[in-house]
Every structure is written in C-alpha cells, then in structure tokens.
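These notes concern the structure reproduced below.
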Amino acid sequence: MPAAAERIKEMDRERALLQERWEKATEASRSYHDAKHQPKEYKVQDLVLLNVKNLKLRQPCKKLTAKFSGPYRITEAIGKQAY
C-alpha cells in the first residue's frame, strides 16, 4: 500500500501548510486590530453619551430619533471598561 502511505504524507504536508497559513492570517488580523484599537477608559465624574442603538424607546419614528442620549455622569467604575 505505498500509494496510501504517500497520500497520508501528502495530506500531512497540506495540513501543516494550511496551519501555517492560518496562523499567519490570524497574526495579520490581530496586528491590524491592535494598531487601530484604542481602549477607552473613563474616570468617575466624567460625562459620557449613551448609544441608544439597542434600547427600546417609545418614539413614533425610529429614523428620526437621536443616536445618543445624555450626557450622563459616571458614578462608579465596575471594571476596566464597565461603568
């Protein structure tokens, strides 16, 4: 069964090549994200606006509602990016 053994070796080489390409693509994506991403940190008593995209508001026309609500004052920090 030399053909089967050769096929297994070929599949292992392909798998290793695909793994290497996957890791390279992941690293490229990570480096792009890290270059653009800047985490926002706020202090207590800072004023912030609240995005109302996921809030259910009683507005007659969603198209004409404001995109942000506020300003609201931060009263306490729960985590690094949770207030």
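The values are calculated or read from the model by the stated rules, or taken from the named source; none is laboratory data. Predicted, not measured: the structure shown is a model, and the values here were computed from it. Glycine also receives a Cβ, built like all others from the backbone with ideal geometry; neighbour counts cover every protein chain displayed.
Residue count for segment 8-51 under the criterion of being within 30 Å of I74 (Cβ to Cβ) and among the aliphatic types (A, V, I, L, M): the result is 6. When segment 42-52 is filtered for residues that are surrounded by 10 or more Cβ atoms within 10 Å (Cβ to Cβ) and not aromatic (F, W, Y), the ones remaining, listed by number, are V44, D46, L47, V48, L49, L50, N51, V52.
For every residue, the table says whether it meets (1) of a type outside the set (A, V, I, L, M); (2) surrounded by 10 or more Cβ atoms within 10 Å (Cβ to Cβ).
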{"site": "M11", "(1), (2)": "no, yes"}
{"site": "Q19", "(1), (2)": "yes, yes"}
{"site": "R30", "(1), (2)": "yes, yes"}
{"site": "K40", "(1), (2)": "yes, no"}
{"site": "N54", "(1), (2)": "yes, no"}
{"site": "G70", "(1), (2)": "yes, yes"}
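Whenever a residue of segment 34-52 is farther than 17 Å from K67 by Cα, its partners that are in a loop (DSSP other than H, G, I, E, B), lying with C-beta atoms within less than 6 angstrom and at least six residues away or across chains, give the pairs Y42/I74; V44/I74; D46/I74. Tallying residues that are of a type in the set (V, I, T) and either under 15 Å from Q81 (Cα atoms) or assigned to a loop (DSSP other than H, G, I, E, B) (or both) within segment 25-51 yields 2.
Figure legend. Inter-residue proximity from segment 59-80: first residues assigned to a loop (DSSP other than H, G, I, E, B), second residues modelled with pLDDT under 80 and surrounded by 11 or more Cβ atoms within 10 Å (Cβ to Cβ), beta-carbon distance below 9 Å, spacing 6+ or different chains. Indicated pairs: I74/Y83; T75/Y83; E76/Y83; A77/Y83.
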